[in-house]
Amino acid sequence: MSEQKYRPMGAYAKSKRANIVFTVELARRLAGTPMTAVAVHPGAALTNLQQHSQGLAARLLMPLLGRLAMGSPEGAAWPSLCAATSPAVESGAFIGPAGRRQDSGPPRPARLPRGADHRATGAALWRDSERLTGIPFIV
């Protein structure tokens, strides 16, 4: 929740990891139903998000370095399109770019971050989400 210390990119990274943990838990809860839950990551794409990088040097260098090391926003949309339209994608999958560092390239199943499929972590995040939103999950 970043209540003690807030760093924009740190908070962003935590929120993306929570999305994956939440989606893996959702896939568990949807097992045996016709619905699917798929986590997706776009890889590295040069977007307006980088303008919020910390430090003047990072903000000045990001446009140049981003063009060299990052994919396009259009390419970053591929994994989402694949997850939404491919009949081969199964519930609980994690889809991302096929590049060596999973930063760009055509979509494919990707490695979950370490611990993202830990049952106790997923259940705890789910309970906290229900408590914070006041909305219980009912299948």
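Kindly state, to the nearest 0.05, the FRET efficiency for LEU81 paired with SER129, given R0 = 30 Å and r defined as their beta-carbon distance.
Rounded to the nearest 0.05, the efficiency is 0.70.
At most 14 other Cβ atoms within 10 Å and a DSSP loop assignment: could you name the chymotrypsin sites (Phe, Trp or Tyr not before Pro) in the stretch 86-139 that fit?
Taking the stretch 86-139 and a limit of 14 other Cβ atoms within 10 Å, the loop chymotrypsin sites (Phe, Trp or Tyr not before Pro) found are PHE137.
Pop out the ³J(HN,Hα) list for the stretch 24-32 in order, Karplus 6.51 cos²θ - 1.76 cosθ + 1.60 with θ = phi - 60°, rounded to Hz; leave Gly and Pro as x.
Working through the residues one at a time gives 4, 5, 4, 4, 4, 6, 8, 3, x Hz.
Could you derive backbone 3J(HN,Hα) for the stretch 2-18 from the dihedral phi with the Karplus parameters 6.51, -1.76 and 1.60 (θ = phi - 60°), listing whole Hz in sequence and x where the residue is Gly or Pro?
Taking θ as phi minus 60°, the curve returns 6, 6, 8, 8, 10, 10, x, 6, x, 5, 4, 4, 5, 5, 5, 5, 4 Hz for the stretch 2-18.
Loop only by DSSP, 10 or fewer other Cβ within 10 Å of the Cβ. Give me the trypsin sites (Lys or Arg not before Pro) in the stretch 67-104 that pass, ordered by residue number. Write out the running numbers ahead of the final one.
Working: sites: ARG67, ARG100, ARG101; in loops: ARG100, ARG101.
Answer by residue number: ARG100, ARG101.
Enumerate the calculated ³J(HN,Hα) couplings along the stretch 117-128 in order (Karplus 6.51 cos²θ - 1.76 cosθ + 1.60, θ = phi - 60°), each rounded to whole Hz, writing x wherever the residue is Gly or Pro.
9, 5, 4, 5, 5, x, 5, 5, 4, 4, 4, 5
Rounded if a/c is under 1.5, else prolate if a/b beats b/c, else oblate: with a ≥ b ≥ c from the C-alpha gyration tensor eigenvalues square-rooted, which is the stretch 1-46?
It is oblate, given that a/c is not under 1.5 and a/b is not larger than b/c.
What are the residues whose amide H is under 5 Å from the amide H of ARG108, where those residues sit 5 or more places off or on another chain and H is modelled from the backbone?
The answer is GLY96, ALA98.
Taking amide H positions as placed in the peptide plane 1.01 Å from N, state which residues far from ALA37 in sequence (5 or more) or on other chains have amide H under 5 Å from it.
Result for ALA37 returns SER91, GLY92.
Amide H to amide H, which residues 5 or more places from THR47 or on other chains are under 5 Å from it, using H placed in the peptide plane?
none
None of the figures in this text is laboratory data; all of them are computed from the coordinates on show. Here the structure is a predicted model, which is why all the values come from computation and not from measurement. Positions of Cβ are backbone-derived with ideal geometry, glycine not excepted, and every protein chain shown enters the neighbour counts.
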